[in-house]
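Down below is the structure, laid out as structure tokens.
The values are calculated or read from the model by the stated rules, or taken from the named source; none is laboratory data. This is a predicted model, so every value here is computed, not measured. Here the Cβ positions follow ideal geometry from the backbone for every residue, glycine too, while neighbour counts run over all protein chains shown.
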Amino acid sequence: MSDPMRIRAQVAGDRATVRVLMAHEMESGQRKDAAGKLVPAWHIAEVTATHNGKPVLTAEWGPGVSKNPFLQFVVKGAKAGDKIAITWKDNKGDTRTDEATAS
Amino acid sequence: MQNRRKTLKQSAVVAGLLAASGMFPQYAFAAFNKTAFEAKTLADVLKAMGAGAPVESKDVTIGGPDIAENGAVVPLTASTALPGVKQILVLVEKNPSALIAVFNVTDSVEANFATRAKMGQSSDVYAVAIMTDGKVLFAKKEVKVTLGGCGG
């Protein structure tokens with residue numbers, strides 16, 4: 001299992017700015033190892049965000065997203081105490097969900 | 001004739017049926033669009049996404065550094081103030097696969113995203129907004145990547 005995500009949701013007015021740092025290798029599939037063989041791609045393919053259990057955002061990512069990816073988005077109609085949960089799934093089928101409380 | 005778009009449409013229908021019958025647990029929430037992520041150019045990506053020809057628009061914004069010292073971490077933002085956005089795409093033109101990320105926008109989030117991308121070399125970066133009415137708008141910006149130790 002991979003390391004937890006760092007999620008921060010900051011409320012300003014009726015919207016919350018959510019910043020997420022995920023821990024993932026994001027191997028591009030272009031790099032070669034010491035033996036000259038291509039390292040197979042290993043990246044987060046799908047990201048889902050929910051606001052109090054309701055899905056608000058889905059994203060599809062390719063291998064071009066940086067290692068330990070950062071994502072920022074703005075949720076409308078959010079208030080302090082709301083739960084923001086992020087789920088990612090990589091192309092090897094590994095998945096992780098973390099939740100944060102907006103403040 | 002059975003062209004690609006038709007095939008895609010049909011497979012989407014089949015996938016929908018499978019999802020409805022609970023036969024499709026793994027990919028129920030979003031099917032990963034492999035073709036789009038393997039496409040090399042903006043035109044190919046949009047074709048794979050089933051979108052039409054793009055029009056440059058000042059209502060779409062792409063943000064990023066003018067000069068990125070480290071091509072492994074280039075902060076990019078893509079946003080639009082227009083209503084009725086379906087998807088926001090972020091692309092780096094000269095990468096081995098141009099498409100970086102696709103954001104499926106809902107009513108509950110603003111069409112304003114920031115993430116970090118890898119860039120192999122100096123290139124134009126694109127933010128593409130696919131609207132619900134089928135319009136495709138884009139904005140581009142040149143980002144120079146300084147590789148190696150001199151740091152510009």
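Go through B:Asp107, B:Asp133 for me and flag whichever is facing chain A (nearest Cβ under 10 Å), closer than 28 Å to A:His51 by Cβ and surrounded by fewer than 14 Cβ atoms within 10 Å (Cβ to Cβ).
Every option except B:Asp107 fails the conditions.
Restricting the stretch A:19-52 to residues that are within 14 Å of the chain's Cα centre (by Cα) and of a type in the set (Asp, Glu), which is surrounded by the most Cβ atoms within 10 Å (Cβ to Cβ)?
A:Glu46
So in the stretch B:80-93, with the set limited to residues that are over 16 Å from A:Thr58 (Cα atoms) and within 11 Å of chain A (Cβ to nearest Cβ), which one is surrounded by the fewest Cβ atoms within 10 Å (Cβ to Cβ)?
Per the criteria, the residue is B:Val92.
Consider B:Val102 carefully, then state whether it is over 15 Å from B:Ala139 (Cβ atoms) and modelled with pLDDT of 85 or more.
In short, yes.
From the set of residues in the stretch A:53-72 that are out of contact with any Leu (no Cβ under 6 Å at 6 or more places or on another chain) and either among the aromatic types (Phe, Trp, Tyr) or exposed (fewer than 15 other Cβ atoms within 10 Å of the Cβ) (or both), which is farthest from the other protein chains (Cβ to nearest Cβ)?
Once the filter is applied, the top-ranked residue is A:Gly53.
Just one of the numbered conditions (1) at pLDDT below 85; (2) closer than 25 Å to A:Gly29 by Cα is not true of B:Pro75; which one?
It is condition (1) that B:Pro75 fails.
Would you check which residues across the stretch A:47-64 are in a strand (DSSP E or B) and without any contact (Cβ under 8 Å) to a residue 24 or more places away in the chain and list them?
The answer is A:Lys54, A:Pro55, A:Val56, A:Leu57, A:Thr58, A:Ala59, A:Glu60, A:Trp61.
Give the stretch B:110-127 a look and list any residue that's more than 8 Å from chain A (Cβ to nearest Cβ) and of a type in the set (D, E, K, R), or say none.
Of everything in the stretch B:110-127, just one residue is more than 8 Å from chain A (Cβ to nearest Cβ) and of a type in the set (D, E, K, R), namely B:Asp124.
What tally of residues in the stretch A:73-86 results from selecting those that are within 9 Å of another protein chain (Cβ to nearest Cβ) and assigned to a strand (DSSP E or B)?
Residues meeting the conditions: 4.
If A:Gly93 passes every condition in (1) over 11 Å from the mean Cα position of the chain (by Cα); (2) within 9 Å of chain B (Cβ to nearest Cβ); (3) in a strand (DSSP E or B) but one, which one does it miss?
Of everything listed in (1) over 11 Å from the mean Cα position of the chain (by Cα); (2) within 9 Å of chain B (Cβ to nearest Cβ); (3) in a strand (DSSP E or B), A:Gly93 misses just condition (3).
Checking the structure you have, find out if any residue of the stretch A:25-42 is assigned to a strand (DSSP E or B), in contact with a strand residue (DSSP E or B) (Cβ under 8 Å, 6 or more places away or on another chain) and within 7 Å of chain B (Cβ to nearest Cβ).
Taking every residue of the stretch A:25-42 in turn, none turns out to be assigned to a strand (DSSP E or B), in contact with a strand residue (DSSP E or B) (Cβ under 8 Å, 6 or more places away or on another chain) and within 7 Å of chain B (Cβ to nearest Cβ).
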